[in-house]
Amino acid sequence: MKYGYFDNGNKEYVVTNPRTPVKWINYIGTLDFGGFVDHTGGALICKGDPSLNRIVKYIQQMPSSEFKGETLYLRFKQREGYKIFSPFFVPTLDPYDLYECHIGLGYSRIVSEFFGIRTECTIFVPVNEIREIREVRITNKTGKDIEIDAVSIVEYTHFDAMKQFNNADWVPQTMQSRCIRENNGLLTLIQYAFMRRETNVNFFTSNLPISSFESDRKRFLGDNEYGTWSNPLSLQSEELGNYEANRGDNIGALLHHLGSIKSGETKIFITQLGQEQSFEKARPGIDKYRKPESIKEALDEMGDFWSEFLSRMQVETPDPNIDSMLNVHNPRQCFITKNWSRYLSYYQLGIGTRGIGFRDSSQDVMGVIDRIPEESKKLLKQLMMVQRKNGSAMHSFNPLSMEASKGEAEDWPDRPKYYGDDHLWIILAVTVYLKETGDMKFLEEIIPYYKDSKDERSRESGTVLDHMKRALNFTGNDKGMHGLPHLGFADWNDTVNLRTGAESLFNTHLYGKGLLEMIELCNYLRDAAAAKAYRIEYNKLKETFNQTCWDGEWYVRYFDSDGTPLGSHKNEHGKIYLNAQSWSLISGMALPDRAEKALDSLNKLLNTSKGIKVSWPGFDGYDRTRGGITTFPPGTKENGGIFLHTNPWVIIAETMVGNGDLAYQYYNQINPAAKNDIADEYECEPYVYAQNILSNEHPQFGLGRNSWLTGTASWMYQAGTGFILGIRPCYEGLTVDPCIPKKWDGFKAVRKYRNAIYDIEVKNPGHINKGISRFKVDGREIKGNTAPVFGDNKNHLIEVIMG
Ligand code: GLC
């Protein structure tokens, strides 16, 4: 069954059947203010931090039919009482004549027709604003005049999301709502937790007069809450109770009498939900967004942001699915992961202190540096502020308080208190930034290190370059019995938590790749001595690796603390791991014949029609010596599931050996757009990548999980643009090094780079995968395949002939 379609012209996905297998969501605003809205109009909104400053109560685990966070009711009089329904389908579940949710760039628009009443509700957060807007247009299509009331609803949460769920005494005692009456029947409901009355006030208001309101859930639902969200009893009365809650479960319900609407006539109103220090402070913004023209302006401004964001790179290939992913949906997802890390989604609940992940954000940022370099730089600096002076990094941090945590390592007393990979990612992220922007001054910026203990008197600081060097030094001095880097609590694979002393091949490769990046950087900076020292270390590492890690058909993945391998044919479970193969190429450490063999083994043992598995066979039973990976069944997540984040690494590795056909096959087999026709199997949104798909070791092979916030977004974008199309910035300019399917005649791309526009045309007359015979810049043939930096705000034609 299909639940919707791609509207490429409007850059939207349109849901046409609200009964999707799970809620499909869209993000509005940013972490500064925003959240997500689901395709039935429910929303989770917060300001600055989903765990410590949440506004709307949204419980992901409730059934899809339930009320979640926000909604809108309409009603009209019947012979007896009112007919009440939600134009969002949920929570009243009435039959509809039309239902569409347009999932756009930064907005969702629900268009529905129930009982001859057409509703169009556009939901968004204006750029840099602290308010969620809902512009509602109601059109009477019944053929006769009709009186309609509209009731806008929000359910509040305590600001501390965790407290909301673990304390049902103190929390409701703190929650308060007040009504501020303005002129001409306008009013604003304000809501706060008592201790934040002077600092954080939520406001909910409309641009039309409100005839009555309710702020207490019990009163709104009626009959001691034996009234329900699908049939709130108070809505059978002409007016709501105008009750200002002094405690309890606070809601905001605003009743608009829209009056008599003529046949064919449309009435419009605008609600705002936001948070300010006080109502007085919020007032100018409230007034501004009550004006209908401000909505159009705000939507235009947001449209301009997205046009500029997307225009940084646009491609035209023979494959429309790749085009729609690379031009719209993948960059959008990269923007969202950069904003929200793994903080808040339909699967990541943002409760407690997980915050922004060091390794996650270091990778996410690589997917947006070409589009929003300044914001990316800000995030890079924040990340380095939670790096310790010994070079290792804290695992995550809260962006409001900049307090950092050691992640799950805290919960295992007998395991190391750091992740062996975290700090190394920053080297990759910073070098991507430098190659994109040429902003070499960034290397000299001073950034403090994270304090190791609360009573540390002064914090040590270092330049960005110093942070990068210390990251390498930490791992260089942290090796185990084979001379390979320690695992720490975990490496990229969070869930393999071997005993203290274990070694990780992922950390080995990431360290190797970090060394390669530093060699290139030091050479560019003309620091030959440093480059040489890193080269010696790299060569030594590569030699050790090849002496100890070849298993005959593939590379092993770990050595446990007693020296036994994991990811070897000798193991019963976890015989082969994807990352150990792909990263042996990305780090340049695999010997050529082994590289090919490793990729072949991966193809034979790990690939499925729905994506490549992270390992095989899955563990089948809890084993504390292996750690978290044994807590879930074979074929799920990191335990032999199709963990999508790792698939682009294989794509990149295949392009490194020139296998464009296989890279393309791997790219397409996980393209979410292709899942649109099998949505009942796949379940997740077809317009974004999911984190994982259950593999063929699981009875529900093909089921996608944990969509939106995944490193898959950034890496699929990098794999698609930088390695299949091969358009990659370097220190000297823009390299074009495609590795495409043989059947392609070529492709075109427009890429903005260091204040110039590169119009790239690649032709593939000989139908090969990789290799360039001619490279012309503005009509003149040049040697190599790197177009220079122009920085002149002009267009430049780059013609590439493969051969
Ligand atoms: C999750 C985590 C990420 C980790 C991955 C594999 O996506 O957010 O940090 O690398 O799982 O364990």
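Miscellaneous remarks
- Per the Cα gyration tensor, the chain maps to an equivalent ellipsoid with semi-axes of 48, 30, 26 Å, ordered largest to smallest.
- When only alpha carbons are used to place a centre, the stretch 194-269 and the stretch 120-134 end up 20 Å from one another.
- Rh (Kirkwood; distinct C-alpha pairs) - the stretch 1-101, Å: 15.1 Å
- Rounded to the nearest 20 debye, dipole of the stretch 670-803 from Cβ charges on Lys, Arg, Asp, Glu: 660 debye
- Rounded to 0.05, the FRET efficiency of the Q236 and R459 pair, given R0 = 60 Å and the Cβ-Cβ distance, is 0.45.
- Across the stretch 265-349, Cα-Cα distances exceeding 17 Å account for 69% of all pairs.
- Loop-located GluC sites (Glu not before Pro) across the stretch 387-446 with a Cβ neighbour count of 14 or fewer within 10 Å are E403, with loop assigned by DSSP.
- Counting only alpha carbon atoms, the long axis of helix 279-290 and the longest principal axis of the chain meet at about 90°.
- The stretch 330-345 and the stretch 7-66: distance between their alpha carbon centers, rounded to Å: 13 Å
- Close amide H contacts of A502 (hydrogens built in the peptide plane, cut-off under 5 Å, sequence separation of 5 or more or a different chain): L487, S561.
- Here the alpha carbons of the stretch 612-651 define both size measures, Rg and Dmax, at 10.5, 33 Å.
- The stretch 427-477 and the stretch 276-316 have their alpha-carbon centroids 35 Å apart.
- Taken along the Cα-to-beta-carbon direction at a fixed 7 Å, the label points for E265 and E66 span 4.0 nm.
- Reciprocal mean inverse distance between Cα atoms of the stretch 683-773 - Kirkwood radius, Å: 15.6 Å
- Considering only Q348, N327, A298, and ranking their Cα positions along the charge dipole of the stretch 295-351 that arises from unit charges at the beta-carbon of Lys, Arg, Asp and Glu, the one farthest toward the positive end is Q348.
- Amide proton proximity set for D94, modelled H, under 5 Å, gap of 5+: S86
- Protein heavy-atom surface of the chain, 1.4 angstrom probe: 48% of the accessible area is carbon and sulfur, with nucleic acids and ligands not counted.
- For the stretch 645-683, the residues whose backbone nitrogen is under 19 Å from a point 7 Å from the Cα of D593, taken along Cα to Cβ, are 657.
- Applying the Karplus relation 6.51 cos²θ - 1.76 cosθ + 1.60 with θ = phi - 60° to the stretch 230-238 yields 3J(HN,Hα) values of 7, 8, x, 5, 5, 6, 7, 8, 4 Hz, where x marks Gly and Pro.
- In order along the stretch 181-193, phi translates into HN-Hα couplings of 8, 10, 7, 6, x, 6, 8, 10, 8, 10, 8, 7, 8 Hz, rounded to whole numbers, per the Karplus curve 6.51 cos²θ - 1.76 cosθ + 1.60 with θ = phi - 60° and x for Gly and Pro.
- Within the assembled protein chains, the solvent-accessible surface assigned to S714 is about 0 Å², based on a 1.4 Å probe.
- The residue among A282, T636, V657 whose Cα reaches farthest toward the positive pole of the charge dipole of the chain, with charges on the beta-carbon of Lys, Arg, Asp and Glu, is V657.
- Vicinal HN-Hα couplings computed from phi for the stretch 313-330 (Karplus, 6.51 cos²θ - 1.76 cosθ + 1.60; Hz; Gly/Pro x): 7, 9, 10, 9, 10, x, 10, x, 5, 5, 4, 5, 5, 6, 8, 10, 6, 5
- Computed per residue of the chain from DSSP H runs no shorter than four, each worth -39500 (n - 2.57), the mean residue ellipticity at 222 nm is -8000 deg cm²/dmol.
- Sites T228 and T199 - FRET efficiency at Förster radius 45 Å, r taken between beta-carbons, to 0.05: 0.85
- Out-of-range pairs (alpha-carbon distance over 25 Å; input K11/K281; K469/K637; K417/K479; K570/K675; K68/K381; K57/K637): K11/K281; K469/K637; K570/K675; K68/K381; K57/K637
- Extension gain for L93 to D300 (0.36 nm times residue separation, less C-alpha to C-alpha distance): 71.2 nm.
- Selection from G106, H39, L484, by position along the positive dipole direction of the chain (Cβ): L484
- Hydrodynamic radius (Kirkwood) for the stretch 481-560, which is based on Cα pairs only, to one decimal in Å: 13.6 Å
- Förster-model FRET efficiency, 41 Å R0, R137 and E445, C-beta, rounded to 0.05: 0.25
- The modelled label-to-label distance between A528 and N128, using points 7 Å beyond Cα along the C-beta direction, is 4.9 nm.
- Net dipole in debye of the stretch 304-379 [+1 Lys, Arg Cβ; -1 Asp, Glu Cβ; about Cα centre; nearest 20]: 480 debye
- Rounded to the nearest 20 debye, dipole of the chain from Cβ charges on Lys, Arg, Asp, Glu: 780 debye
The values are calculated or read from the model by the stated rules, or taken from the named source; none is laboratory data. What you see is a predicted model; the values in this text were computed from it and never measured. Counting neighbours? That spans all protein chains shown, and the Cβs are built from the backbone with ideal geometry, glycine included. Remember, those area values only see protein heavy atoms, side chains included, never the ligands or the DNA or RNA. Shrake-Rupley method; radii C 1.70, N 1.55, O 1.52, S 1.80 Å.
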